[in-house]
Amino acid sequence: MIKVSAPGKLMLFGEHAVVYGYPCIVTAISERLEVSISKIDDISMDRRFVDAAVRAWGDGKNYAFSIKSAFSGTYGFGSSAAVTVATLKAMRPNAENRALFDAAYKVVLDVQGIGSGFDVASSIYGGTLYFLSGGKTIDPLEIQNLPLIVAYSGVKSSTVEMVKMVREKRNKYPDKVDRIFQAIGTLVNQAKKKMLEGDWERVGKYMDFNQEYLRDLGVSSEKLETLIGAAKNAGAWGAKLSGAGGGDCMIAFVPPERQGVVKDAIMSAGGQVVAVHANAEGVRIES
Ligand code: MEV
């Protein structure tokens, strides 16, 4: 019996544009998903990723799984990537990170057809990464504590549907959408620099700019805007949706002395604040 855990993730900058070759910044979070191989249990989550992972690295053996997820009830933390990574690692504990990334990314693409792989990289490497689609670049950023607040909007979103919607928009208005992607790409590079300097106030500003671009892409929602507005009004340095949009989570960068007030404001506006730490450890063998 082997137990492996992998972290969830939060996209800090660059969602959607990353699918088209621009960089993004992602951080691993303290909420983890655990896969134990050997005993049969109730698997209440989407089994497609586990089954595809077993087909990829299962050596033709029969496996039984127990899966425990700290993500249940909160969508957008990347459970598909985490369960794929943890399952593959449980089957080949000695696999190198790069081999694990290539195999896990292939599984995710086989199952859902779309995705940059940033969530897979986050689950494997942990920390905070500067990432290019398909893992062309996976650069860890030397960052200590991120002054991050996370809230679930209460609305589950479909990444695949949102990515398809953006693709249709790009087919219809290629110049406009490509200009937005380019602007997001530039912003991600500026944000990376300021994150390395620890200039959180400036990073917050970039979050606001990124949110404006996401709004222009049409992936924000009324609920997300309400939560983002509440965080801003209560003194956040910056706030944005995180991930595909349409629902799932929002994030805010908040000065330490305003964290309590901002959390209260988000909750009063109908958000569910989730207590997570950023920059968490990547996939690991627990026992
Ligand atoms: C979804 O969490 C982030 C997207 O950029 C899709 C992806 O990168 O796979 C919208």
Quiz prompt | the chain - mean residue ellipticity at 222 nm from DSSP helices (-39,500 (n - 2.57) per run, n ≥ 4, rounded to 500) | solution = -14000 deg cm²/dmol
Exercise. May I ask for the angle, rounded to the nearest 10°, between helix 174-197 and the longest principal axis of the chain, with both axes built from Cα atoms and the value confined to 0 to 90°?
Key: 90
Quiz prompt | Net charge, ARG170 excluded, C-beta distance under 13 Å - Lys, Arg +1, Asp, Glu -1 | solution = +2
Quiz item: Given a Förster radius of 25 Å and the C-beta distance between ARG55 and GLN144 as r, what FRET efficiency does 1/(1 + (r/R0)^6) yield to the nearest 0.05?
Solution: 0.05
Exercise. Calculate the all-directions average of the projected area of the chain's alpha-carbon convex hull, and give it in nm².
Key: 13.9
Quiz prompt | Residues of segment 68-101 with amide N under 17 Å of a point placed 7 Å along Cα→Cβ from ASP110 | solution = 80-92, 99-101
Practice problem: Pop out the carbon and sulfur fraction of the accessible area of the chain as a percent, whole number, probe 1.4 Å. | Solution: 47
Quiz item: From the square roots a ≥ b ≥ c of the eigenvalues of the alpha-carbon gyration tensor of segment 1-152, which class results: rounded (a/c under 1.5), prolate (a/b over b/c), or oblate?
Solution: prolate
Quiz item: If you roll a 1.4 Å probe over the heavy atoms of the protein chains, what accessible area per residue do you get for the chain, in Å²?
Solution: 42
Quiz item: Among all the lysines, which ones have a C-alpha under 28 Å from LYS164's C-alpha, if same-chain residues fewer than 8 places away are not counted?
Solution: LYS9, LYS106, LYS136, LYS156, LYS172, LYS176, LYS192, LYS223, LYS240
Quiz item: Angle between the Cα long axis of helix 48-57 and the longest principal axis of the chain, 0 to 90 degrees, nearest 10?
Solution: 50
Practice problem: Can you tell me the order of 128-134, 53-59, 211-217 when each peptide is scored by its average per-residue count of other Cβ atoms within 10 angstrom, highest first? | Solution: 128-134, 211-217, 53-59
Quiz item: Quick one: Cα centre-to-centre distance for segment 239-287 and segment 168-220, in angstrom?
Solution: 19
Quiz item: What Kirkwood radius, in Å to one decimal, follows from the Cα pairs of segment 65-196?
Solution: 16.8
Exercise. Could you calculate the FRET efficiency of ARG284 with TYR173 from 1/(1 + (r/R0)^6), where r is the beta carbon distance between them and R0 is 45 Å, rounded to 0.05?
Key: 0.55
Quiz item: Can you list the aspartates and glutamates whose alpha carbon is less than 18 Å from that of LYS61, not counting same-chain residues fewer than 8 positions off?
Solution: ASP41, ASP51
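The values are calculated or read from the model by the stated rules, or taken from the named source; none is laboratory data. Values in this document were obtained by computation on a predicted structure and should not be read as measured data. Note that we place each Cβ from the backbone using ideal geometry, even for glycine, and neighbour counts take in every protein chain shown. Calculation scope for accessible area: heavy atoms of the full protein, side chains included, ligands and nucleic acids excluded. Shrake-Rupley method; radii C 1.70, N 1.55, O 1.52, S 1.80 Å.
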